[in-house]
Amino acid sequence: MADRDLLPALPGLPALELRLIRPEKRPRFGALLCAQHYLRNATLVDATLRYVGVAPDGGWLALLGWSSAALHLRARDRWIGWSEPQRAARLRLIAQNSRFLILAERAHYPNLASHLLARCTRRLADDWRAAHGHTVVLAESSVDPALYEGTCYKAAGWLALGATGGFARDHRDFYVDLEHPKQLWVAPTDPCATNFVGAAQLLRIKRHVRKGAAVAPTITVVFGVTGRAAAEATPAQLLAAMREHWAPIENGRHHRRDRTYREDNSPVRDPNATPCYAALRCLAIFLCVQRKSAGPRPQEYHLPDFLRRTGNRKTTVIRWFTHAYRPP
């Protein structure tokens with residue numbers, strides 16, 4: 001677990017650090033929350049993590065406190081789609097942003113709240129696993145609409161699910177009716193893992209993959225999840241459904257992207273760049289298919305040959321992108 005995380009500088013915002021609060025700093029953390037947070041309370045329930053945003057000069061700029069999730073939130077539970085036994089067994093996979101306090105002058109640090117919140121959400125799963133022995137896949141928070149609009153949560157990529165029931169968690173299994181609903185926000189800490197929270201079955205699939213007639217098959221094991229219970233979908237039915245879905249994809253364009261372009265090995269991980277690269281790969285495959293159907297077996301019949309021929313001819317490719325494509 002990294003105790004500190006250097007935040008990259010943004011326009012108008014200097015490079016900052018996001019640190020985990022050490023035990024000797026907790027009294028100061030609690031005193032600041034009691035003095036400046038609108039709840040006047042620094043108590044965090046059950047499993048907890050505490051963070052502080054630190055300026056280059058060492059000054060504290062913001063405090064973030066995380067605790068165990070609320071036991072019952074109708075909007076959250078409906079959004080996840082889990083059953084009561086699933087909720088009881090998997091509630092520990094959710095962490096709640098119970099306290100968030102900006103100490104700095106907002107005019108001096110624009111976008112500080114959303115910047116820190118987004119960064120903290122991204123590292124939360126790893127820090128939680130190191131501190132408590134298991135990960136979290138979803139973060140939640142309740143915002144008082146009478147005081148705040150939740151703008152920083154929206155800017156940080158969180159999703160608004162609706163109003164809560166107006167109860168506050170006072171102890172581990174005890175709630176107080178405040179008669180004051182709040183706005184519920186959620187954010188996946190791992191978009192791929194969020195589906196596991198409401199899964200009814202976990203699938204383990206062993207596949208025999210043959211990459212060529214002269215190559216011995218290899219065995220790969222993949223995992224999947226489904227929201228259907230065992231009574232609704234047997235293993236045979238699930239396997240048939242997956243084959244029906246993936247067979248035309250894996251044997252067609254997706255297979256070409258994986259094998260020829262080695263898409264799975266691409267170092268690009270930016271959420272905005274990856275779909276752009278995928279679209280360009282699909283476009284190149286389309287152009288190859290057009291050449292394939294343009295005449296009786298042209299020289300660039302196979303995609304690798306097509307890529308080798310056009311790889312360094314930028315003017316040709318640009319002309320295809322900017323004019324109506326006409327197969328030669």
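Only the coordinates and a few stated rules stand behind these numbers; no lab work does. Note that the structure is a prediction, hence the values are computed from the model and not measured. Backbone-built Cβ (ideal geometry, glycine too); neighbour counts: all protein chains shown.
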Original post:
Given a Förster distance of 30 angstrom, what is the FRET efficiency for GLU105 paired with ALA131, based on the Cβ-Cβ distance and rounded to 0.05?
Top reply: 0.45
**OP:** Order these peptides, 59-66, 223-230, 154-161, by their mean beta-carbon neighbour count within 10 angstrom, highest first.
**Re:** 59-66, 154-161, 223-230
Original post:
Taking Cα centroids, how far is region 36-94 from region 95-167 in Å?
Top reply: 8 Å
**OP:** Please give the net charge around GLY81, taking every other residue with its beta carbon less than 13 angstrom from that of GLY81, where Lys and Arg add +1 and Asp and Glu add -1.
**Re:** +4
Subject >> Under 5 Å, built H, 5+ apart or other chain: amide partners of ILE21 >> reply: ARG50, TYR51, VAL52
**OP:** Quick one: P(r) of region 4-189 from all Cα-Cα pairs, 5 Å bins, percents rounded to integers, in order of increasing distance.
**Re:** 1, 7, 17, 21, 22, 17, 9, 4, 1, 0
**OP:** State, to one decimal in nm, how far the label point of ALA155 lies from the label point of CYS276, with both points 7 Å from Cα in the Cβ direction.
**Re:** 2.4 nm
Original post:
From the backbone phi of region 116-129, what are the Karplus-calculated ³J(HN,Hα) couplings (6.51 cos²θ - 1.76 cosθ + 1.60, θ = phi - 60°) in whole Hz, Gly and Pro given as x?
Top reply: 5, 5, 5, 5, 5, 4, 5, 9, 4, 4, 5, 5, 5, 5
Original post:
R0 = 41 Å: FRET efficiency of ALA31 with ARG74, Cβ-based, nearest 0.05?
Top reply: 0.70
